[in-house]
Amino acid sequence: MTRLTRADLEALPAYVPGRAVPGAIKLASNEVPYGPLPGVVEALTEAALQTHRYPDMGVVALRDALAERYGVPAERLVTGCGSVAIAEHLIRAACLPGDEVVYAWRSFEAYPIITASAGATSVRVPNTPTHGHDLPAMAAAVTDRTRVIFVCNPNNPTGTALRRAELDAFLDAVPANVLVVIDEAYREFVTDGDVPDAIDTYADRPNVAVLRTLSKAWGLAGLRVGYLVASPEVATAVRKVVTPFSTSMPAQAAALAALRADAEMARRAALVVSERGRLLDELRTLRPDVPESEANFVWLPLGDGAVPFGAACEAAGVIVRPFAGDGVRVTVGTPEENDAFLAAAAKALS
Ligand SMILES: *Cc1c(COP(=O)(O)O)cnc(C)c1O
């Protein structure tokens, strides 16, 4: 048969989304369970009347709002169709085929896919025995071909977080010509004061880029808005490869409305954090090796038991996210949803 597409893509795993089963409780995709923030539906309704028009390609109002919130110039901000898309644009802006992208493993499952789709080569550095990034090993994995390092903080799917001193030492060790992308999709759920906010702490380093998203704490997963804070040079390069108009007009309007509801976002994040603590306490009575989490999910390192555990939860009407042979990620839901999960977990693990 005549080949019409790249042979190397055949080996590429497809992204596995959290399963949605009608009627079941979905704790599989790290969404916040409380619905859109106040003002978002109204902003979308108004935006709906303008959908025959192209969106603002410069995303000026949203970038200005983000710039003001984080105290960085708008020229350093790039928005996109979810932070995953921006991560892909970053790779495209930084890597030529054969260049290397270093990341921890296990980490976010989009990293191997976006690396391969750019024709770059993945270099995976195994996590520590306590499920966190092994930063000294990641720094040591840098070669002449390394262009990008992903640091996922807190890490999806293990929930572990890196502290200031170890990140400082890592960034000092990485060569200035390697771009370190700190993915902070879960930043709003971080409560440990020693886990640095990368925008405040590191964004002035020219080779650091910080990814954030409106998909998780801000409740806009379905609309697809993420953003990048980077040096002006990196931001300009990324803007060149971004698909034009990829932050849609409803997405821009909804993101602006969500940012205005930041107090309610923080209140909901605090509810999630409180439930996270309860889940961790209860799960540790069953499995003492459940790691601390700074995100809106918890990790059960069940090894070969991961898939059977996922099936047992599903049979009890709760969808979680098993990673075969490794562990299970469970999103923090409402108190009632978490109770249903805990009941299923107690049954499956006892
Ligand atoms: C969920 C998640 C994102 C967000 O992706 P969007 O494309 O913004 O929805 C980014 N990085 C990590 C590690 C995530 O878990």
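The values are calculated or read from the model by the stated rules, or taken from the named source; none is laboratory data. Keep in mind that what you see is a predicted model, and the values were worked out from it rather than measured. Cβ sites come from the backbone with ideal geometry, for glycine too, and all protein chains shown count toward neighbours. Just the protein is used for accessible areas: all its heavy atoms, side chains included, with ligands, DNA and RNA removed. Shrake-Rupley method; radii C 1.70, N 1.55, O 1.52, S 1.80 Å.
See the values below:
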read-out: Output for segment 162-197, where each listed residue is part of a helix (DSSP H, G or I), under 18 Å from residue 107 (Cα atoms) and in contact with a strand residue (DSSP E or B) (Cβ under 7 Å, 6 or more places away or on another chain); value: 187
read-out: Breaking point among (1) among the hydrophobic types (A, V, I, L, M, F, W, C); (2) more than 20 Å from residue 70 (Cβ to Cβ); (3) touching a Cys at 6+ places or on another chain (Cβ under 9 Å), for residue 251; value: (2)
read-out: Any helices (runs of 4 or more DSSP H) falling wholly within segment 239-317 and containing at least 3 residues that are modelled with pLDDT of 95 or more, over 14 Å from residue 188 (Cβ atoms) and of a type in the set (Gly, Ala, Ser); value: 249-260, 306-315
read-out: For residue 215: the one exception among (1) touching a Lys or Arg at 6+ places or on another chain (Cβ under 8 Å); (2) part of a helix (DSSP H, G or I); (3) not aliphatic (A, V, I, L, M); value: (2)
read-out: Residues located in segment 54-71, provided they are at negative phi and in contact with a helix residue (DSSP H, G or I) (Cβ under 7 Å, 6 or more places away or on another chain); value: 55, 56, 61, 62, 63, 64, 65, 67, 69, 70
read-out: Residue within segment 55-70 that is open to solvent by 40 Å² or more (accessible area, probe 1.4 Å), assigned by TED's automatic domain parsing to the domain that holds residue 158, farther than 23 Å from residue 218 by Cα and free of Cβ contacts under 8 Å to residues at least 12 places away in the same chain present; value: no
read-out: Conditions (1) open to solvent by 30 Å² or more (accessible area, probe 1.4 Å); (2) at pLDDT 95 or above; (3) hydroxyl-bearing (Ser, Thr, Tyr); number of the one not met by residue 117; value: (2)
read-out: Filter result for the condition that a residue is in contact (Cβ under 8 Å) with a residue 12 or more places away in the chain, assigned by TED's automatic domain parsing to the domain that holds residue 107, within 22 Å of residue 219 (Cβ to Cβ) and open to solvent by less than 40 Å² (accessible area, probe 1.4 Å), over 340, 295, 269, 255; value: 255
read-out: Subset tally (residues that are open to solvent by less than 20 Å² (accessible area, probe 1.4 Å) and within 19 Å of the chain's Cα centre (by Cα)) for segment 272-292; value: 3
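Conditions tested, residue by residue: (1) within 18 Å of the chain's Cα centre (by Cα); (2) open to solvent by less than 40 Å² (accessible area, probe 1.4 Å); (3) within 16 Å of the ligand (Cβ to nearest atom).
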{"position": "98", "(1), (2), (3)": "no, yes, no"}
{"position": "157", "(1), (2), (3)": "yes, yes, yes"}
{"position": "164", "(1), (2), (3)": "no, no, no"}
{"position": "170", "(1), (2), (3)": "no, yes, no"}
{"position": "175", "(1), (2), (3)": "no, no, no"}
